[in-house]
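Engineer: Have a look at this one.
The values are calculated or read from the model by the stated rules, or taken from the named source; none is laboratory data. Everything numeric in this text was worked out from a predicted model, so none of it was measured. Ideal geometry is used to build each Cβ from the backbone, glycine not excepted, and the neighbour counts take in all protein chains shown. Note: areas computed on protein heavy atoms with side chains; ligands, DNA, RNA excluded. Shrake-Rupley method; radii C 1.70, N 1.55, O 1.52, S 1.80 Å.
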Amino acid sequence: MFLEPGFTGQRSGWIEVICGSMFSGKTEELIRRLKRARIANQTVQIFKPAKDKRYDEMRVVSHDENSIDSLPIENSREIIVSAQNINVIGIDEAQFFDEELTEVCQKLAVSGTRVIVAGLDMDFRGRPFGPIPNLLAVAEYITKVHAICPHCGNLATHSYRLSQEQDTVVLGEKDKYEPRCRVCYEMGHILDLRIRL
Ligand code: ZN
């Protein structure tokens, strides 16, 4: 459970990162924090990459269909333009944004905005994904959420790709990805290799 920092009297901004594998509840956690801020009459805006159109063009939709309105954008600089007079900014699927996102988030935080970023920390090869590693370095608060490995019941940290596609970005859901713990993730690759040989 993430506990928001206490209000100290002087309003300043900060960066929160919610990261983890696919099906770990990142978007649900982002929506939970944003809804709480909205209940407190804070102005809220959510951005997501325009390329992620899996569910709905204008809304951030988590896997349990708990949704919230969002603005699809092409690049991270557009966030600065659209963020005037907004108290809390949410950025979903942040791994798909350009590297400039880190600088954009820092500018917003300095100007007094609470910035909540959600995204995959690793791609399907287990490598740090897009701007997420840099954001983890500069964030004030980090929450790593986990899925459950369907093979052994341990906490899942990796996104295992079930299909044979090799591009880093292949949009998909349960048809293409499975959350796995470290051991089942590695075992899957060894088994795949044996099948292909
Ligand atoms: Zn496992």
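Engineer: Looking at (1) closer than 18 Å to Gly20 by Cβ; (2) away from the ligand (no atom under 16 Å from the Cβ), which one does Arg180 not meet, given that it meets all the others?
Structural biologist: (2)
Engineer: Output the residue which, of all residues in segment 170-197 that are of a type in the set (Val, Ile, Thr) and farther than 28 Å from Phe2 by Cβ, is most open to solvent (accessible area, probe 1.4 Å).
Structural biologist: My answer is Ile195.
Engineer: Next question, about the same structure. So, Val60, is that one closer than 30 Å to Leu162 by Cα, modelled with pLDDT of 95 or more and open to solvent by less than 10 Å² (accessible area, probe 1.4 Å) or not?
Structural biologist: no
Engineer: Name the residue that is surrounded by the most Cβ atoms within 10 Å (Cβ to Cβ), counting only residues in segment 120-156 that are in a strand (DSSP E or B) and away from the ligand (no atom under 16 Å from the Cβ).
Structural biologist: So the residue we want is Leu120.
Engineer: In the set Gln84, Gln106, which member is open to solvent by 10 Å² or more (accessible area, probe 1.4 Å), of a type outside the set (Ser, Thr, Tyr), without any contact (Cβ under 8 Å) to a residue 24 or more places away in the chain and on the phi < 0 side of the Ramachandran plot?
Structural biologist: Gln84
Engineer: Does any residue of segment 132-143 turn out to be touching a Phe, Trp or Tyr at 6+ places or on another chain (Cβ under 9 Å) and polar (S, T, N, Q)?
Structural biologist: Yes - at least one qualifying residue is present in segment 132-143.
Engineer: Name every residue in segment 157-177 that is within 16 Å of the ligand (Cβ to nearest atom) and assigned to a loop (DSSP other than H, G, I, E, B), in order of residue number.
Structural biologist: Across segment 157-177, the qualifying residues are Thr157, Leu162.
Engineer: Out of Glu78, Glu99, Glu103, Glu28, which single residue is acidic (Asp, Glu), at pLDDT 95 or above and outside any loop (DSSP other than H, G, I, E, B)?
Structural biologist: Criteria check complete, one pass: Glu103.
Engineer: Mind listing whichever residues of segment 183-197 are out of contact with any strand residue (DSSP E or B) (no Cβ under 8 Å at 6 or more places or on another chain) and either modelled with pLDDT of 80 or more or near the ligand (Cβ under 9 Å from one of its atoms) (or both)?
Structural biologist: Passing the criteria: Val183, Glu186, Met187, His189, Ile190, Leu191.
Engineer: Still on this structure, please answer the following. Filter segment 92-150 down to the residues that are charged (D, E, K, R), in contact with a Cys (Cβ under 8 Å, 6 or more places away or on another chain) and farther than 22 Å from Glu74 by Cα and list them by number.
Structural biologist: Lys144
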